[in-house]
């Protein structure tokens with residue numbers, strides 16, 4: 001089993017926030033792959049599904065969105081991982097990343113929290129050796145502006161990259177479930193690159 005975690009804050013007032021891109025990504029994965037309905041457990045919303053892997057096998061996945069607010073996310077993630085006896089290598093966390101440009105994505109296992117309170121909380125309950133899918137939201141340019149920036153809704157201009165990124169993550173997720181993070185990252189990156197313009201043909205001069 002794989003534990004798929006999306007980070008965010010619960011409640012309609014936070015739903016469109018930049019800080020909630022982890023929730024958004026997991027929502028799209030759950031929808032795209034036909035998971036069961038959301039229900040409440042482990043101080044979280046959870047949904048179960050089975051994902052078809054590229055090699056023809058399947059992987060059972062438990063999607064979880066902690067409802068404890070971001071700073072205490074590790075409580076529900078730790079409870080779920082402990083209940084199913086999952087080590088950190090079977091936990092994948094989707095979260096917002098200030099240090100990546102909007103629409104960029106990186107996957108890594110382990111590392112520091114980088115000032116992200118949700119990751120810091122998970123580190124305290126699981127240790128740092130879980131997988132992180134870092135979804136770039138850009139940086140406001142000044143550390144003092146970060147709190148307001150992440151708790152503000154995405155701008156209208158972000159519609160050019162946000163839906164394609166979420167769709168690409170959902171489409172490529174079987175690669176992540178198959179323990180092929182590099183292939184997952186490459187597929188998402190290719191999918192969200194803007195199409196190159198067709199080369200202009202030679203026009204006859206009149």
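The values are calculated or read from the model by the stated rules, or taken from the named source; none is laboratory data. In this text the structure is predicted, and so the values were computed from the model without any measurement. Counting neighbours? That spans all protein chains shown, and the Cβs are built from the backbone with ideal geometry, glycine included.
Values as computed for the structure displayed
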item	result
Residue in the stretch 59-83 that is farthest from residue 131 (Cα to Cα), counting only those that are out of contact with any helix residue (DSSP H, G or I) (no Cβ under 9 Å at 6 or more places or on another chain) and surrounded by fewer than 15 Cβ atoms within 10 Å (Cβ to Cβ)	83
Test for residue 86: is it touching a helix residue (DSSP H, G or I) at 6+ places or on another chain (Cβ under 6 Å), touching a residue at least 40 places away in the same chain (Cβ under 8 Å) and at negative phi	no
Verdict on residue 36 being in contact (Cβ under 8 Å) with a residue 12 or more places away in the chain, surrounded by fewer than 13 Cβ atoms within 10 Å (Cβ to Cβ) and either more than 17 Å from residue 77 (Cβ to Cβ) or in contact with a strand residue (DSSP E or B) (Cβ under 9 Å, 6 or more places away or on another chain) (or both)	yes
Conditions (1) more than 21 Å from residue 78 (Cα to Cα); (2) in contact (Cβ under 8 Å) with a residue 24 or more places away in the chain: number failed by residue 58	(2)
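Table: residues versus (1) at pLDDT 95 or above; (2) within 20 Å of residue 20 (Cβ to Cβ).
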position	(1), (2)
103	no, yes
112	no, no
116	no, yes
124	yes, no
133	yes, yes
141	no, no
